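Asker: My questions all concern the structure below.
The values are calculated or read from the model by the stated rules, or taken from the named source; none is laboratory data. Fair warning: this is a prediction, and the values are worked out from it, not measured in the lab. When we count neighbours, we look across all protein chains shown, and the Cβ atoms used for this are built from the backbone with ideal geometry, even at glycine.
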Ligand code: MN
């Protein structure tokens with residue numbers, strides 16, 4: 001990657017989308033047409049139109065217009081070489097010295113759109129969804145709250161990336177508002193459970209990776225091969241109802257407390273775009289089993305932010321964390337997921353689990369930020385929050401920054417609506 005490259009399309013200084021990013025998404029055009037797209041600055045690029053106009057003729061993996069689709073799955077399924085070749089075409093076509101498209105007004109009219117004129121849709125048809133629990137700070141915080149300091153981490157935690165199989169139907173794209181869930185809960189001061197709207201609505205600051213490769217039942221993916229199957233990453237707000245979760249989760253894990261809405265960012269940022277921001281994973285002690293051993297830089301330095309915005313009010317920055325804090329990296333997660341022969345599909349979503357950092361300000365959930373409601377957060381309008389109120393909006397943003405290059409993910413935005421009658 002040339003970090004100094006510029007595009008002939010305008011990119012504002014603090015944009016998440018310089019020419020080095022080239023994320024993939026699905027957009028609905030003003031005409032109603034739904035296509036795969038990429039983005040530079042605030043300009044959205046219709047890849048289906050680029051294909052029809054012949055700009056991808058040199059990419060032999062593209063045998064038909066996979067971009068004329070309401071999901072990226074067909075494109076992702078073409079594999080790593082196709083992803084790299086399409087990226088190479090875009091990197092060249094939009095370079096500031098390339099006038100092939102820049103000087104063709106008729107083509108530009110068919111290909112380029114203002115971000116404000118399109119609607120972003122969920123970029124992939126989600127197959128299976130796994131949620132890991134890979135932040136040692138988060139697992140320790142929650143462990144202390146529920147089991148005390150001496151038993152904070154379960155005995156398995158440092159030996160395998162703990163996870164559970166989630167619900168994929170309720171994964172939605174940024175801008176989708178979610179009603180407060182209803183369910184059973186049993187507060188500590190009651191003998192019997194009651195039914196009603198959750199009182200302890202929370203977000204979970206997570207990132208997720210999306211697989212673009214497939215394996216057969218019985219196959220396993222090694223840590224070294226894992227990235228060949230990973231198409232890219234998204235922001236993932238895994239909404240959680242803590243009161244429903246606390247009552248239901250023993251012994252089989254989260255269920256209805258987590259399956260009423262998880263909100264992704266709309267653009268999948270590829271590992272090629274993130275390559276410049278690799279970093280070492282935290283040292284793992286005790287040593288992990290051979291199938292989980294990871295060498296080299298398999299973690300990513302991605303700044304994460306969470307904002308809470310009351311209705312009609314301003315955004316309050318309530319959390320700053322980083323993807324690099326994860327104890328288990330994405331390659332170890334995929335290796336563990338598949339070690340038993342579980343087959344991997346194109347469009348699967350693998351979320352990190354809440355990403356908390358070492359300081360109070362870096363905790364990735366209200367549960368931790370307010371320490372179960374015992375230390376409320378004061379917002380700029382003077383109001384307090386222990387958990388999320390009705391009509392609050394949660395915005396998550398993520399970006400990498402190094403040597404003057406910024407590559408970002410845009411945002412995951414969701415307003416919590418009152419429970420349905
Ligand atoms: Mn989660």
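Asker: Given the options 313, 357, 353, name the one that is assigned to a loop (DSSP other than H, G, I, E, B) and within 16 Å of the ligand (Cβ to nearest atom).
Answerer: Of the residues listed, the single one that is assigned to a loop (DSSP other than H, G, I, E, B) and within 16 Å of the ligand (Cβ to nearest atom) is 353.
Asker: Working carefully through the options 118, 172, 111, 210, find the one that is over 23 Å from residue 299 (Cβ atoms) and within 20 Å of the chain's Cα centre (by Cα).
Answerer: 172
Asker: Whether any residue in the range 146-154 is under 22 Å from residue 385 (Cα atoms), within 16 Å of the ligand (Cβ to nearest atom) and more than 24 Å from the chain's Cα centre (by Cα) is what I want to check.
Answerer: Taking every residue of the range 146-154 in turn, at least one turns out to be under 22 Å from residue 385 (Cα atoms), within 16 Å of the ligand (Cβ to nearest atom) and more than 24 Å from the chain's Cα centre (by Cα).
Asker: Right, something else. Which pairs have Cβ atoms under 7 Å, sit 6 or more apart or on different chains, and link a residue in the range 293-320 that is at negative phi and outside the structural domain of residue 399 (by TED's automatic domain parsing) to one that is in a loop (DSSP other than H, G, I, E, B) and surrounded by fewer than 18 Cβ atoms within 10 Å (Cβ to Cβ)?
Answerer: Matching pairs, first to second residue: none at all.
Asker: Could you figure out which of (1) outside any helix (DSSP H, G or I); (2) in contact with a strand residue (DSSP E or B) (Cβ under 6 Å, 6 or more places away or on another chain); (3) modelled with pLDDT of 95 or more; (4) within 15 Å of the ligand (Cβ to nearest atom) isn't true of residue 308?
Answerer: Tallying (1) outside any helix (DSSP H, G or I); (2) in contact with a strand residue (DSSP E or B) (Cβ under 6 Å, 6 or more places away or on another chain); (3) modelled with pLDDT of 95 or more; (4) within 15 Å of the ligand (Cβ to nearest atom), residue 308 fails exactly one: (4).
Asker: Do the conditions hold for residue 138, that is, is it out of contact with any strand residue (DSSP E or B) (no Cβ under 7 Å at 6 or more places or on another chain) and within 16 Å of the ligand (Cβ to nearest atom)?
Answerer: yes
Asker: A follow-up question, please. Taking the criterion of being within 16 Å of the ligand (Cβ to nearest atom), out of contact with any helix residue (DSSP H, G or I) (no Cβ under 8 Å at 6 or more places or on another chain) and modelled with pLDDT of 95 or more, would at least one residue in the range 110-126 satisfy it?
Answerer: yes
Asker: Determine whether the range 169-177 contains at least one residue that is crowded, with 17+ Cβ neighbours inside 10 Å and within 14 Å of the ligand (Cβ to nearest atom).
Answerer: yes
Asker: Could you list all residues from the range 368-400 that are within 16 Å of the ligand (Cβ to nearest atom) and either in contact with a helix residue (DSSP H, G or I) (Cβ under 6 Å, 6 or more places away or on another chain) or more than 25 Å from residue 167 (Cβ to Cβ) (or both)?
Answerer: Residues satisfying the conditions are 368, 369, 387.
Asker: Same structure, new question: For a quick check of your reading of the model, give me the residue pairs whose first member lies in the range 220-249 and is under 27 Å from residue 304 (Cα atoms), whose second is within 16 Å of the ligand (Cβ to nearest atom) and part of a helix (DSSP H, G or I), with beta-carbon atoms closer than 6 Å and at least 6 apart or on different chains.
Answerer: 242/367
Asker: Could I ask something else about it? Within the range 279-291, work out how many residues are closer than 15 Å to residue 325 by Cβ and free of Cβ contacts under 8 Å to residues at least 40 places away in the same chain.
Answerer: The number of residues fulfilling the criteria is 2.
Asker: Let me ask something else about it. Counting only residues that are within 16 Å of the ligand (Cβ to nearest atom), give me the strands (runs of 3 or more DSSP E) lying completely in the range 185-299 with at least 2 of them.
Answerer: 205-211, 230-238, 262-264
Asker: Something else: Can you confirm whether residue 164 is closer than 22 Å to residue 269 by Cα and in contact (Cβ under 8 Å) with a residue 24 or more places away in the chain?
Answerer: In short, no.
Asker: Take the residues in the range 390-421 that are more than 20 Å from the chain's Cα centre (by Cα) and surrounded by 17 or more Cβ atoms within 10 Å (Cβ to Cβ); name whichever of them is farthest from residue 122 (Cα to Cα).
Answerer: 405
Asker: Scanning for something assigned by TED's automatic domain parsing to the domain that holds residue 135, in a strand (DSSP E or B) and surrounded by 17 or more Cβ atoms within 10 Å (Cβ to Cβ), does the range 322-331 turn up at least one residue?
Answerer: Looking for residues that are assigned by TED's automatic domain parsing to the domain that holds residue 135, in a strand (DSSP E or B) and surrounded by 17 or more Cβ atoms within 10 Å (Cβ to Cβ), one finds at least one in the range 322-331, hence yes.
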